[in-house]
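The values are calculated or read from the model by the stated rules, or taken from the named source; none is laboratory data. Fair warning: this is a prediction, and the values are worked out from it, not measured in the lab. Cβ atoms come from the backbone with ideal geometry, glycine included; neighbour counts cover every protein chain shown.
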Amino acid sequence: MNYHNFQVVLQEVPGEVSLCFSISGCPLRCEGCHSPFLWKIENGNSLSEERFIQILIQYKRLATCVLFMGGEWYENELIKLLKLANKNAYKTCLYTGEEQVSADILDELTWLKTGAWKQHLGGLNSPETNQKFIDVKTNQILNNLFTKTKTL
Ligand code: SF4
């Protein structure tokens with residue numbers, strides 16, 4: 001499983017400092033995709049367990065959450081990394097363009113963002129969006145956290 005980049009981000013998971021990994025090989029090809037460099041499976045570098053653990057340890061005092069931008073198409077590998085994140089006391093989030101992911105992936109997630117990118121509907125901060133930001137345990141949709149950010 002290759003990742004295109006790794007960043008520390010503040011807005012994608014409200015209230016959390018997230019270690020964000022963008023995974024290569026997105027099969028969805030949404031029109032107007034903001035990250036077409038993620039389409040090719042061979043782009044980026046391999047995200048080995050060793051490299052991942054190194055980052056988790058390095059950022060332990062700074063970050064609170066691990067966020068994957070895609071990667072559900074590598075189910076077993078993704079689950080392994082999510083388990084490692086949980087074991088190291090991080091919360092976890094997946095941004096997927098799908099409407100749902102497997103129960104095994106859900107088991108390892110704190111939050112899930114679903115829905116493909118549709119330019120005319122906008123992202124999570126748009127009231128018309130098709131996308132949902134979900135608290136996995138309660139199944140509550142928390143898009144209001146993003147629309148609030150917009151109006152502040
Ligand atoms: S899910 Fe995201 S990365 Fe994949 S094609 Fe759609 S916008 Fe691009």
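Here are the numbers for the structure shown:
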read-out	value
Qualifying residue in region 112-119 (condition: within 16 Å of the ligand (Cβ to nearest atom), surrounded by fewer than 18 Cβ atoms within 10 Å (Cβ to Cβ) and of a type outside the set (Gly, Ala, Ser))	yes
Among residues of region 124-140, those that are within 15 Å of the ligand (Cβ to nearest atom) and buried (at least 18 other Cβ atoms within 10 Å of the Cβ), counted	4
Flag for residue 4 being touching a helix residue (DSSP H, G or I) at 6+ places or on another chain (Cβ under 7 Å) and outside any helix (DSSP H, G or I)	yes
Which listed residue, of 94, 81, 38, 109, is within 16 Å of the ligand (Cβ to nearest atom) and modelled with pLDDT of 95 or more	94
Test: residue in region 63-77 that is over 15 Å from the mean Cα position of the chain (by Cα), more than 14 Å from the ligand (Cβ to nearest atom) and within 18 Å of residue 106 (Cα to Cα)	yes
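Okay, residues lined up against (1) out of contact with any Gly (no Cβ under 7 Å at 6 or more places or on another chain); (2) under 24 Å from residue 129 (Cβ atoms); (3) charged (D, E, K, R):
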residue	(1), (2), (3)
8	yes, no, no
23	no, yes, no
32	yes, yes, no
42	yes, no, yes
58	yes, no, no
73	no, yes, no
84	yes, no, no
87	yes, no, yes
